[in-house]
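A quick write-up on the structure given underneath.
The values are calculated or read from the model by the stated rules, or taken from the named source; none is laboratory data. If you're wondering where the values come from, they're calculated on a predicted model, not measured in any experiment. Cβ placement follows ideal geometry from the backbone for every residue including glycine, while neighbour counts extend to all protein chains displayed.
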Amino acid sequence: MTDTESTTEQIPQELFDHRYMQDPHAVTAMLRRTAPVRPVITPNGLKVWLVTRYDDVRLVMNDARVSKNMLGAGDLIERNMMVPAKRRHFNPDIIDYMLNTDPPKHTRLRTLVLRAFTAGRVEKMRPRVQAFADEILGAFRAGDEIDVVDQLAFRLPMMVILDLLGIPLSDTERLRGWVDALVTTDDPASVEVAGSAVVAYLSELIEAKRVRPDEGMLSSLVNTPDDEDQLTGAELMSMIFLLVVAGYETTVHTIGNATLSLLTNADQRELLQREPERIAGAIDELMRFDTAVSTATFRFTTEAIELSGVEIPAGEFVLVSLLSANHDEDRFPDGAELDVTRSARGHVAFGYGIHYCMGAQLGRMEVEIALSGLLRRFPDMRLAVPADQLVWRPSLLMHGLERLPVRL
């Protein structure tokens with residue numbers, strides 16, 4: 001038996017255990033070397049092929065032989081479900097969105113909302129985003145101990161996306177609880193309860209926007225003129241759900257992870273404090289270094305596809321590790337090191353191909369404004385607990401901290 005075979009066999013078939021959740025970089029680094037394409041079982045009991053090398057990840061995300069039509073994959077899910085009792089049933093009214101579709105439906109749905117995220121329109125939002133950040137940061141004082149995740153990283157993007165959509169900020173905590181259950185939990189019952197609650201809430205909200213239209217993006221989607229392409233009821237509800245989740249969940253953990261990265265890499269933090277003009281350019285490197293979206297959402301092969309010498313047959317689910325691809329030394333030399341002067345162009349933290357994140361520019365802006373404000377206002381901030389005591393969320397999709405206690 002070779003050393004490679006021995007090492008590979010030490011990786012559990014049910015890979016996504018506590019060790020993985022707390023240090024996915026160590027596990028995926030081993031996989032890139034020894035088993036870059038291998039079958040694993042997800043926490044909800046589904047057999048998938050995990051892909052960890054950069055070139056393979058990009059190929060999968062932009063190959064017509066790999067489909068995202070999850071609404072039509074029910075039989076495939078049944079066939080690959082290794083632990084049926086763990087299967088989670090998501091409410092169909094909130095999963096008929098772009099990430100679960102292929103062209104031409106994907107093209108149509110994306111076109112309907114893309115106009116809200118043009119470069120010019122996003123840049124016009126900067127004063128509003130800055131005002132939200134100033135409001136949050138202005139309540140803190142030097143010497144305070146705060147939880148960056150809860151008190152900044154969560155609040156800012158949630159305020160921004162709800163403001164953009166025209167959803168009351170008073171509904172923040174309810175939405176947060178439902179999304180957490182849907183994104184993090186492996187308990188099928190909790191997923192069903194949260195899904196039903198979201199559908200009921202969004203149904204009421206949509207009806208309210210029909211009766212009392214406003215300037216928010218949600219209202220414009222609900223009240224599309226009769227002579228223009230319109231979303232169906234399920235598409236509308238799913239689109240709103242996707243915009244809320246994608247509009248804040250990823251940014252929450254990007255801000256939290258980036259803050260931790262700077263607190264544990266003093267030389268990089270000091271460089272940005274000396275030369276704050278570098279911060280905007282450093283955002284992509286911070287996103288590459290500790291990627292908030294750990295794995296992309298599920299895909300499946302419609303034809304056999306070969307990756308790193310391994311053939312994945314047709315009719316198999318594929319899970320790509322964005323976090324691993326962004327540390328691939330063949331694409332990013334010394335990828336395990338944070339270097340805010342590096343050009344991280346080509347990272348896949350926002351995905352790749354036709355499903356590339358529409359809100360990428362808005363996300364970068366929010367992270368830049370949050371970090372700039374922290375570094376400027378609290379130059380002496382430090383971790384309030386040892387780094388090895390921090391706990392990461394047990395989520396296959398998101399890579400983010402439960403809490404980030406910081407002394408400002």
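Things worth noting here:
- Leu169 closer than 26 Å to Ser196 by Cβ, in contact with a helix residue (DSSP H, G or I) (Cβ under 9 Å, 6 or more places away or on another chain) and surrounded by fewer than 18 Cβ atoms within 10 Å (Cβ to Cβ): yes
- Among the residues of segment 122-142, some residue qualifies, meaning at least one is in contact with a strand residue (DSSP E or B) (Cβ under 8 Å, 6 or more places away or on another chain) and either of a type in the set (S, T, N, Q) or buried (at least 17 other Cβ atoms within 10 Å of the Cβ) (or both).
- Residue selected from segment 294-311 under the condition out of contact with any Gly (no Cβ under 8 Å at 6 or more places or on another chain) and buried (at least 23 other Cβ atoms within 10 Å of the Cβ), by the criterion nearest to Gly335 (Cα to Cα): Ser294
- Condition check for Ala336: in contact with a helix residue (DSSP H, G or I) (Cβ under 9 Å, 6 or more places away or on another chain) and hydrophobic (A, V, I, L, M, F, W, C): yes
- Applying the criterion of at least 1 residues that are closer than 25 Å to Ala258 by Cβ to the helices (runs of 4 or more DSSP H) found wholly in segment 104-184 leaves 119-124, 126-137, 155-165, 172-184.
- Restricting attention to segment 119-145 and to residues that are among the small types (Gly, Ala, Ser) and in contact (Cβ under 8 Å) with a residue 40 or more places away in the chain, the residue that is nearest to Leu371 (Cα to Cα) turns out to be Ala133.
- Exactly one residue out of Gly351, Gly359, Gly363, Gly373 is in contact with a Cys (Cβ under 6 Å, 6 or more places away or on another chain) and either of a type outside the set (Val, Ile, Thr) or in contact (Cβ under 8 Å) with a residue 60 or more places away in the chain (or both): that is Gly351.
- Taken over segment 337-361, residues that are more than 14 Å from the chain's Cα centre (by Cα) and among the aliphatic types (A, V, I, L, M) amount to 4.
- Test: Leu76 is part of a helix (DSSP H, G or I), under 23 Å from Glu311 (Cβ atoms) and touching a residue at least 24 places away in the same chain (Cβ under 8 Å): yes
- As a summary of the residue check, Met98 satisfies the conditions (1) touching a helix residue (DSSP H, G or I) at 6+ places or on another chain (Cβ under 6 Å); (2) more than 26 Å from Ser395 (Cβ to Cβ); (3) buried (at least 17 other Cβ atoms within 10 Å of the Cβ) except for the one numbered (2).
- The number of residues in segment 110-141 that are modelled with pLDDT of 95 or more and either small (Gly, Ala, Ser) or closer than 13 Å to Gly359 by Cβ (or both) comes to 5.
- Taken together, Ala189, Ala181, Ala194 contain a single residue that is surrounded by 15 or more Cβ atoms within 10 Å (Cβ to Cβ) and either out of contact with any helix residue (DSSP H, G or I) (no Cβ under 9 Å at 6 or more places or on another chain) or farther than 25 Å from Leu109 by Cα (or both), which is Ala181.
- Of all residues in segment 211-259 being β-branched (Val, Ile, Thr) and either without any contact (Cβ under 8 Å) to a residue 24 or more places away in the chain or over 27 Å from Val367 (Cβ atoms) (or both), the one that is surrounded by the most Cβ atoms within 10 Å (Cβ to Cβ): Val222
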